[in-house]
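What follows is a single structure, written as structure tokens, with notes after it.
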Amino acid sequence: MSDVAPGSGRVVLVTGGSRGIGLAVARRLQRGGDRVAVTYKSTAPDSLVKDGGEGHPIHAVRCDVTSPEEVESAFREVETVLGPVEVLVCSAGITDDALLLRMGEDRWARVIETDLTACFRTTKRALGPMVKARSGRIVLISSVVAYLGNPGQTNYAAAKAGLVGFARSLAREVASRSVTVNVVTPGLIATDMLAALSEQRSALMTERVPLARLGDPDEVAAAVEFLSSREAAYVTGAVLAVDGGLGMGQ
């Protein structure tokens, strides 16, 4: 396999790619000519199974990323239909907020399992063929909360911060095989997760952003597209913030 490059028909897998940032990433790479598969947990949106005149149709795979068996099954399906995964984007994630004094172990474990452990699981499964091919791109979607913290999100912040240490350690392990591992840290992005907040709460949060607006999912997708490109072949172990200046390089 040659060095990965957008538009070359690479096989891309985006976990949590049925909505929000994950869907924006899938759509952007699809438009570039890549063959994209996404995981979804329950029902695949109709928009995913239609070509839409934007290149190869997106292949939707049902997968609960907290289940080792379902992850294995999803990879086998993608490999059968499209081929070995050459670009992995880990975007699956949840929040389950509570102040620590009120947070039960189940709430803590659920977020850690979905946002961090599932990333370990899917990355490990994708890595073997990449190492064998001596080429690959892995991009993990973290959050500015990993650095700034947020009341009520100790579980989410711990998971998202864990992705940074995970990525940088793995980047050192696989650099000799020309596999890069990088992290994107979005800030306040206009997704369903943010839409669940009240207008007042959303406005107060937006006031903290130096660029004074919410980000668009496609702006995050553009960063992922770069990190998965041939031009980013000399970028690994990096953390790229797409947060309107909220984290200011933290």
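The values are calculated or read from the model by the stated rules, or taken from the named source; none is laboratory data. Nothing here was measured: the structure is a model prediction, and the numbers come from that model. FYI the Cβ positions are ideal-geometry reconstructions off the backbone, even for glycines, and counts take in every protein chain you see. Side chains included, ligands, DNA and RNA excluded: accessible areas come from the protein's heavy atoms. Shrake-Rupley method; radii C 1.70, N 1.55, O 1.52, S 1.80 Å.
Using a 1.4 angstrom probe, figure out how much accessible area the chain has per residue, in square angstrom, rounded to the nearest whole. Provide the component values of the computation, followed by the final result.
Numbers: 11770 Å² over 250 residues.
It amounts to 47 Å² per residue over the chain.
Extents of region 180-243, taken as max minus min of Cα coordinates on every principal axis and listed largest first, are 43, 21, 15 Å. Calculate, in whole percent, how much of the Cα-Cα pair population of region 17-150 lies beyond 22 Å. Here the tail beyond 22 Å accounts for 40 percent of pairs.
What is the calculated FRET efficiency for Val81 to Ser169, with r their C-beta to C-beta distance and R₀ = 45 Å, to the nearest 0.05? Mind showing how you got there, number by number?
Values: r = 32 Å, r/R0 = 0.70.
It comes to 0.90.
Could you tell me how far the Cα centroid of region 169-184 sits from the Cα centroid of region 193-224, in Å? Computed from Cα coordinates, the inter-centre distance equals 29 Å.
In region 141-199, the C-alpha radius of gyration followed by the widest Cα-Cα span (Dmax) gives 14.2, 48 angstrom. Taking amide H as placed 1.01 Å from N in the peptide plane, Leu188 has its amide H under 5 Å from the amide H of Gly215, each at least 5 places away in sequence or on another chain. Label sites at Ser67 and Ser176, each approximated as a point 7 angstrom past Cα along Cα to Cβ, lie 3.8 nm apart. Close amide H partners of Thr95, meaning residues 5 or more places away or on another chain with modelled amide H under 5 Å apart, do not exist here.
Only protein atoms count toward the accessible area here, which uses a 1.4 Å probe; on region 172-215, the carbon and sulfur part of that area reaches 50 percent.
If I stretch the segment between Asp106 and Lys124 completely, what's the gain in nm (0.36 nm per residue apart, minus their alpha carbon distance), one decimal? Let's see the in-between values first.
Numbers: separation 18, 0.36 × 18 = 6.48 nm, distance 2.49 nm.
Working it through step by step, the gained length comes to 4.0 nm.
The three principal axes of the Cα atoms in the chain give end-to-end lengths of 48, 37, 35 Å, sorted in falling order.
Note on Lys160: aspartates and glutamates with a C-alpha under 15 Å away, same-chain residues under 8 apart excluded, are Asp96, Asp97, Glu113, Asp115, Asp243.
Solvent-accessible area assigned to carbon and sulfur over region 60-102 amounts to 51 percent, based on a 1.4 Å probe.
Of the GluC sites (Glu not before Pro) found in region 88-190, no site is in coil according to DSSP while having at most 12 other Cβ atoms within 10 Å of its Cβ.
Taking 7 Å steps out from each Cα toward its Cβ at Glu113 and Asp97 produces label points 2.3 nm apart. The residues packed around Trp108, meaning those with a beta-carbon under 13 Å from its beta-carbon, carry a net charge of -3 if Lys and Arg are +1 and Asp and Glu are -1.
The three principal axes of the Cα atoms in region 118-250 give end-to-end lengths of 51, 29, 24 Å, sorted in falling order.
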